[in-house]
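Quick note: the coordinates plus some simple rules give every number you see, no bench work behind them. Here the structure is a predicted model, which means the values were calculated and not measured. As a convention, Cβ positions derive from the backbone with ideal geometry for all residues, glycine included, and neighbour counts pool all protein chains shown.
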Amino acid sequence: MNPIKLFLNVVFSFFSIIAIAQPDPVGSFNKHVIEKWSHEYIRVSQYRVKGSPYLLGEPFDGSIEMKSGIKTEGKKILYNVFEQKVGVEMEKELVAPDGEVKAFQIQLPDKFGGEKMNFINADNLAKSPVKGYLNVFMDGPNAALYRQYRNRLVADPSEMYSKEIRMFEQYYDYFLHNKKSGVIEKVRLREKDFVSVLQGLKLPANADYTSVTGIKAVLEAVNQ
């Protein structure tokens with residue numbers, strides 16, 4: 001098999017494994033960037049970078065809530081996951097609001113799964129080791145699970161030997177919050193990570209820690 005095709009197969013298999021939602025918009029978007037990107041490259045340091053610093057490469061319907069209490073609604077929202085900035089889209093550019101953002105919401109279209117996504121500023125959480133914004137995957141009185149969307153520069157599989165060209169690869173990390181102890185830690189979807197963070201909370205027996213239904217069952221049990 002051609003080395004580039006083999007690499008792409010490995011990349012796509014990886015994204016299908018780590019995704020816990022049925023559609024994986026991030027994996028699909030990365031595949032689109034690798035195979036079909038036709039827009040301009042962005043200059044980042046010494047590199048020409050293809051792809052987008054914005055979540056899934058475009059603005060979405062949504063709203064922004066400031067710590068001052070001011071709300072912006074009915075606008076197109078851009079979320080720069082590379083720099084962890086959010087703002088209103090104007091002429092394809094991000095215009096940051098005055099002051100500090102407390103939270104924001106975006107509505108994904110059907111082509112990305114149709115999910116309504118709520119994000120909070122990680123600074124809202126005491127003892128948070130995270131900077132930027134966290135997507136609230138599940139929340140309750142005792143525990144919460146967050147996703148943080150990120151962007152990193154990687155070699156472009158179609159330009160593997162180029163020293164100048166890179167691509168934005170979007171991905172996400174999970175953070176588990178034990179609200180009783182205040183502990184917030186990055187976790188993988190596996191039992192030992194959940195047991196480590198959720199010490200002192202009653203975990204369900206024989207739970208599935210690798211699927212969306214299993215994770216929901218775990219958090220519903222500890223939040224009772």
For the chain, what's the relative contact order in percent, using C-alpha pairs closer than 8 Å and at least 6 residues apart?
15 percent
In degrees, nearest 10, the alpha-carbon axis of helix 3-18 is tilted away from the dominant principal axis of the alpha carbons of the chain by 20 degrees
Size of charge dipole - the chain - debye, nearest 20, with Cβ of Lys, Arg +1 and Asp, Glu -1, no other charges
480 debye
What is the chain by shape, rounded, prolate or oblate, if you read a ≥ b ≥ c off the alpha carbon gyration tensor as root eigenvalues and call it rounded for a/c under 1.5, prolate for a/b larger than b/c, and oblate otherwise?
oblate
Normalising by the residue count of the range 96-190, find the relative contact order in percent from Cα pairs under 8 Å and 6+ residues apart.
19 percent
Dipole of the range 140-222, Cα-centred, from +1 at each Lys and Arg C-beta and -1 at each Asp and Glu C-beta, to the nearest 20 debye?
320 debye
Three-way shape label, the range 128-224, alpha-carbon gyration tensor, a/c 1.5:
prolate
Describe numerically, in nm with one decimal, the distance between label points set 7 Å from Cα along Cα→Cβ at D193 and at K92.
3.7 nm
Per residue, how much space in cubic angstrom lies within the convex hull of the C-alpha atoms of the range 47-88?
66 Å³
Tell me what the chain gives for mean residue ellipticity at 222 nm when only DSSP H runs of n ≥ 4 count, each as -39,500 (n - 2.57), the sum divided by the residue total, rounded to 500 deg cm²/dmol.
-6500 deg cm²/dmol
If the chain between S162 and K85 were fully extended at 0.36 nm per residue, the gain over the current Cα-Cα distance would be 24.8 nm
Can you find, among S158, L78, Y133, the residue sitting farthest towards the positive end of the charge dipole of the range 71-178, where Lys and Arg contribute +1 and Asp and Glu -1 at Cβ?
Y133
